[in-house]
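Reviewing the structure listed below.
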Ligand SMILES: [Mg+2]
């Protein structure tokens, strides 16, 4: 724990839903649910208006629909979320070289390196307010909740105390009294299973946990976990803010407008992506040991599978073979919206022995990569919420579709709430709108 409140945690509020409300003026102030819209889908994010009806992340969309039938159910636009995230991280990196992103919408910032005149509570409070304003300005109005404290743990707890659009600075010396009355699940690493185990021993709050001896906690939860909780119950946390290193991995991914169901097509896409990853590795003189595939299913769940080689590689055939092998373990029968291949565990040299390199060289040419994403039985999917463009009416988004009809609301972030028009599904004037850089996500 530091002497000053110099760790800042920023968390965007209802991020996916907030981006949708920003870009779709008619949805501002209304319940919005982003997630899998199909039968087995789950909620990724609900706007605060939808949360008032009891809609929560990870709830089944079916349950969400029954709790809030009048909400807009949207299938999500990752290109827009990535772009907003990039803007936010850019603002954070402009104030401190030590920024540690946790996800698209969350990061730690080390204020010891932000060039502040001092790190007293009034100074960091004023700084954090300005930072929130800059994030809102850069993103076209997204709000963030911020916590500042003497450790990562306390900063993260604090950012959650006054959500949404809040700021909480925990003065040094008050950490333990902040934690004591709270449920043990406030501690990172205390999930439902640990919480249940503690509950059976009569431990509910952090104060209860603080009264348990180290020996007893180790006996209850094992050495590593027990020791960790013993420290966190006393607000002891010295983890540094670790900035994301450049090029921890090289990856390529693609989002698809239609759910992919053809296994051979998926394998061909992975093979092509493996080739792009390998080319990038070779271009930068890099190689890596771990090959990962990322698969987002039609219901919004995202899976990743990895395998690690004994020595690093930059070979298309090796990466492609491992990627295709990883896919065989996954049930993709319901359809896939996103596929990606990445290589991590990077080294700036290659350790393959000569023999295996020669063997690789030989089959380098044999990989036929012919990818045709449209097949006869597949038709374009007009997913609710997706961006579209009409030849005469301009940009809008899919309000709904079915029975051969697509209904579009014509509005963008900068327009007033727009009119709704319906078209035949095959109307050539209507097309999906995707920004140029979408579908490629260099890690
Ligand atoms: Mg968030």
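The values are calculated or read from the model by the stated rules, or taken from the named source; none is laboratory data. Owing to the predicted nature of the structure, the values given are computational and were not obtained by experimental measurement. Counting neighbours? That spans all protein chains shown, and the Cβs are built from the backbone with ideal geometry, glycine included.
Observations on the structure shown:
- Among the residues of region 339-350, at least one is in a strand (DSSP E or B), in the same structural domain as residue 276 (by TED's automatic domain parsing), farther than 25 Å from residue 296 by Cα and at pLDDT below 90.
- Selection count where residues are surrounded by fewer than 17 Cβ atoms within 10 Å (Cβ to Cβ) and within 24 Å of the chain's Cα centre (by Cα), scope region 277-293: 1
- Residue match in region 257-269 (condition: under 30 Å from residue 90 (Cα atoms), touching a residue at least 24 places away in the same chain (Cβ under 8 Å) and outside any helix (DSSP H, G or I)): yes
- Residue 269 vs. criteria farther than 25 Å from residue 103 by Cα, surrounded by 17 or more Cβ atoms within 10 Å (Cβ to Cβ) and touching a strand residue (DSSP E or B) at 6+ places or on another chain (Cβ under 9 Å): yes
- Those residues of region 17-56 which are surrounded by fewer than 16 Cβ atoms within 10 Å (Cβ to Cβ) and under 18 Å from the mean Cα position of the chain (by Cα), in sequence order: 56
- Restricting region 311-338 to residues that are assigned to a loop (DSSP other than H, G, I, E, B) and in contact with a helix residue (DSSP H, G or I) (Cβ under 8 Å, 6 or more places away or on another chain), the residue that is nearest to residue 260 (Cα to Cα) is 332.
- Residues that are closer than 22 Å to residue 408 by Cα and within 16 Å of the ligand (Cβ to nearest atom), drawn from region 27-45: 32, 33, 34, 35
- Condition met for residue 23 (within 16 Å of the ligand (Cβ to nearest atom) and in contact (Cβ under 8 Å) with a residue 24 or more places away in the chain): no
- Exactly one residue out of 186, 95 is surrounded by 15 or more Cβ atoms within 10 Å (Cβ to Cβ) and within 22 Å of the chain's Cα centre (by Cα): that is 186.
- Of all residues in region 381-420 being part of a strand (DSSP E or B) and under 17 Å from residue 38 (Cβ atoms), the one that is modelled with the lowest pLDDT: 402
- Counting only residues that are closer than 18 Å to residue 270 by Cβ and surrounded by fewer than 20 Cβ atoms within 10 Å (Cβ to Cβ), region 295-314 holds 8 of them.
- Test for residue 35: is it over 30 Å from residue 118 (Cβ atoms), out of contact with any strand residue (DSSP E or B) (no Cβ under 7 Å at 6 or more places or on another chain) and modelled with pLDDT under 95: no
- Test: residue in region 292-299 that is at negative phi and either modelled with pLDDT under 85 or assigned to a loop (DSSP other than H, G, I, E, B) (or both): yes
- Scope region 2-19; condition in contact with a helix residue (DSSP H, G or I) (Cβ under 7 Å, 6 or more places away or on another chain) and more than 14 Å from the ligand (Cβ to nearest atom); matching residues: 5, 6, 7, 8
- The lone criterion from (1) within 18 Å of residue 271 (Cα to Cα); (2) modelled with pLDDT of 85 or more left unmet by residue 373 is number (2).
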